Every structure is written in structure tokens, then in C-alpha cells.
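Asks: Pasting a structure below so you can have a look.
The values are calculated or read from the model by the stated rules, or taken from the named source; none is laboratory data. The shown structure was predicted, so the numbers you read here are calculated from the model rather than taken from an experiment. Glycine gets a Cβ as well: all are built from the backbone with ideal geometry, and neighbour counts include every protein chain shown. The accessibility values were calculated without ligands, DNA or RNA, using every heavy atom of the protein model including side chains. Shrake-Rupley method; radii C 1.70, N 1.55, O 1.52, S 1.80 Å.
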Amino acid sequence: MGPQGAGKGTQAAKLEEETGATHIETGDLVRSEIKQETELGKKIKEYSDKGELVPDEIIIDMTKPYLDENDSWILDGFPRNKEQAKALDEALKEIDEKIDKVVVLEASDEELIERLSGRRQSEATGEVYHIEHNPPPEEGSEEDPGPFVQRDDDTEEAIRNRLKTYHEQTEPLKDYYEEQGILVTVDASRDIDEVTKEVLEAVGENK
Ligand code: AP5
């Protein structure tokens with residue numbers, strides 16, 4: 001969990017490499033439907049572009065199959081409200097699995113806005129970069145993953161909307177998981193590698 005730009009996607013990709021757990025990112029599932037212009041994609045584009053949550057049933061139906069298909073996973077961007085958290089609990093009970101830890105990445109709104117405005121994604125690989133903090137390999141070099149795109153929901157208005165939704169609907173989940181004794185909070189305002197180290201320690205995977 002974490003507000004927009006806290007580094008959920010960045011950290012989950014690194015954690016996937018370190019632990020072998022599958023990275024399941026609901027935002028990516030949403031963008032993939034939109035890009036392929038499926039019927040579902042057309043229905044959910046408006047929510048995503050404005051920075052609003054896509055209806056719960058759609059997100060739950062999209063995510064459930066991935067839980068069953070994989071032995072271990074890192075859920076990124078799901079659940080985002082109480083209803084989704086309860087649906088996740090039920091889905092996990094059905095397959096006799098449980099959540100080990102809920103990691104919350106925290107950073108100030110000011111830092112988040114700076115990060116999102118500098119975010120660039122490789123069209124070819126999907127890899128996420130930041131023009132300053134995590135620049136892509138040099139243009140024209142062999143590893144150059146360009147061209148890059150900026151997300152449709154990285155406009156100032158949508159970013160503000162997303163942060164508001166996070167504070168109102170997702171942040172209260174911290175209490176839900178705190179009560180279960182599985183919540184860990186990590187200061188995400190530091191360097192990417194420092195954050196990874198602390199997340200790995202928090203989930204008990206650091207050797
Ligand atoms: P989603 O794709 O999940 O977007 P988000 O929550 O807005 O999160 P972001 O991807 O913007 O941020 P992030 O924390 O992953 O940051 P990142 O690692 O990229 O969801 C998109 C939309 O889909 C939602 O708005 C909604 O409509 C829908 N949706 C998804 N899930 C849903 C659900 N469960 N229910 C309903 N609707 C749902 O990092 C950001 C930038 O900062 C990058 O450029 C990165 O390089 C840089 N950076 C990262 N870490 C650091 C660091 N430590 N220091 C400096 N720079 C850093």
C-alpha cells in the first residue's frame with residue numbers, strides 16, 4: 001500500500017526479482033484492458049483517466065485468478081478500500097492462503113507530486129523510470145528502452161484526485177491490518193535501494 005508515487009510499482013518489481021514472488025499490479029491490469037480497447041477497457045478508461053477507483057466487482061474479478069495461479073505474490077494497488085480487503089480475505093480463505101505482511105510506503109504529498117511529474121515508462125518494456133532519480137539508459141545506447149510515455153492519469157488534476165481518494169478510502173485500511181498485527185510502515189522518501197532494503201527486512205526476506 002502507499003499513495004500514488006510512493007514507489008509501489010518500483011519496489012514490487014525489485015521485490016519480485018529478490019524473492020521470486022509474482023508481482024500482481026491492478027493498475028497494470030486496468031491499463032492493459034484500456035490499451036487493448038476491450039469492452040471492459042472502454043468501460044473503465046474514464047475512471048482511470050480521472051484518477052477514480054474502478055468499481056470493486058471489476059477489480060476483484062480481475063485479480064482473483066492470479067491469486068490461485070501463483071504460490072506467492074506481491075499485491076500492488078489492491079486492496080484499496082474495506083470492501084476489496086474483505087473480498088480478498090474471502091478469496092484467500094477459499095484457497096487456504098493468507099497475507100504475510102502489509103507494507104505501507106509513506107512519503108509527503110509534495111514529494112509524490114514531484115515523482116509523478118518526472119515518471120516515464122518505456123513503451124516497449126513497461127519499465128518505469130524517473131527523469132532524475134532513476135534515469136533510463138542513455139538515448140541511442142544498446143540498452144536504450146525508449147520511446148517513453150507519460151501516463152494519462154499523471155496530469156495535475158488526476159494526481160490530486162488520486163491522492164484524495166487514497167487518503168479517504170485506502171488509508172483507513174491501515175487500521176484494518178494493524179488490528180491483524182501484519183502492518184509494517186516504511187519511510188519511502190529515501191533512495192530506491194534504501195527503501196528496498198527496509199522492505200525486505202520488514203517482510204523477513206533479507207539475508
Ligand atoms: P496504479 O497504477 O496502481 O496507480 P497509483 O496507485 O496511482 O500508483 P502509481 O503507479 O502512480 O504509483 P507507485 O506507487 O506505483 O509509484 P512508482 O513506483 O511508479 O492505478 C492506476 C488506476 O487504476 C487507479 O487510479 C484506478 O483507477 C485503477 N485501479 C488500480 N487498482 C485499483 C483498485 N484496487 N481498485 C479500484 N481501482 C483501481 O513511482 C513513481 C515515480 O517515482 C517513478 O518515476 C519512480 O521512478 C519514482 N520513484 C519511485 N521510488 C522512488 C524513490 N524512493 N526516490 C525517488 N524516486 C522514486
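Asks: Ranked by accessible surface with a 1.4 Å probe, highest first, in what order do V102, V149 come?
Replies: Correct descending sequence by accessible area is V149, V102.
Asks: Turning to a different aspect of this structure: Averaged per residue, what accessible surface does segment 8-202 expose to a 1.4 Å probe, in Å²?
Replies: Heavy-atom SASA per residue in segment 8-202 reads 59 Å².
Asks: Would you mind checking the pairs K8/K86; K50/K98; K14/K43; K14/K174 and listing those with alpha carbons more than 26 angstrom apart?
Replies: K50/K98; K14/K43
Asks: Over the chain, what is the mean sequence separation of C-alpha contacts under 8 Å (at least six apart), divided by residue count, expressed as relative contact order in percent?
Replies: Here the relative contact order equals 29 percent.
Asks: Over segment 60-143, what relative contact order in percent results from Cα pairs under 8 Å that are six or more residues apart?
Replies: Computed value for segment 60-143: 14 percent relative contact order.
Asks: Moving to a separate point now. Normalised by the number of residues in segment 87-207, what is the relative contact order in percent for Cα pairs under 8 Å and 6+ residues apart?
Replies: 33
Asks: Of the peptides 152-161, 125-134, how do they stack up when ordered by the mean number of other Cβ atoms within 10 Å, highest first?
Replies: 152-161, 125-134
Asks: Here is a follow-up. Take each of the peptides 64-72, 137-145, average the number of other beta-carbon atoms within 10 Å over its residues, and list them starting from the highest.
Replies: 64-72, 137-145
Asks: Which of the peptides 91-98, 184-191 is most tightly packed, and how do the rest follow, judged by the mean count of other Cβ atoms within 10 Å per residue?
Replies: Answer by packing, highest mean first, reads 184-191, 91-98.
Asks: Apply the Karplus curve 6.51 cos²θ - 1.76 cosθ + 1.60, θ = phi - 60°, to the phi angles in segment 95-110 and return the couplings in whole Hz, x for Gly and Pro.
Replies: 9, 6, 10, 8, 7, 7, 8, 10, 9, 9, 8, 10, 7, 6, 4, 4
Asks: For segment 8-202, which whole-number percentage of the solvent-accessible area (1.4 Å probe, protein heavy atoms only) is attributable to carbon and sulfur atoms?
Replies: Roughly 44 percent, rounded to a whole number.
Asks: For the chain, build the charge dipole from Cβ charges (+1 Lys, Arg; -1 Asp, Glu) around the Cα centre, then report which of L75, V54, I34 sits farthest towards its positive end.
Replies: Value: V54.
Asks: Calculated from DSSP H runs of 4 or more alone, at -39500 (n - 2.57) each and per residue, what is the 222 nm mean residue ellipticity of the chain, nearest 500?
Replies: Only helices count here, giving -14500 deg cm²/dmol.
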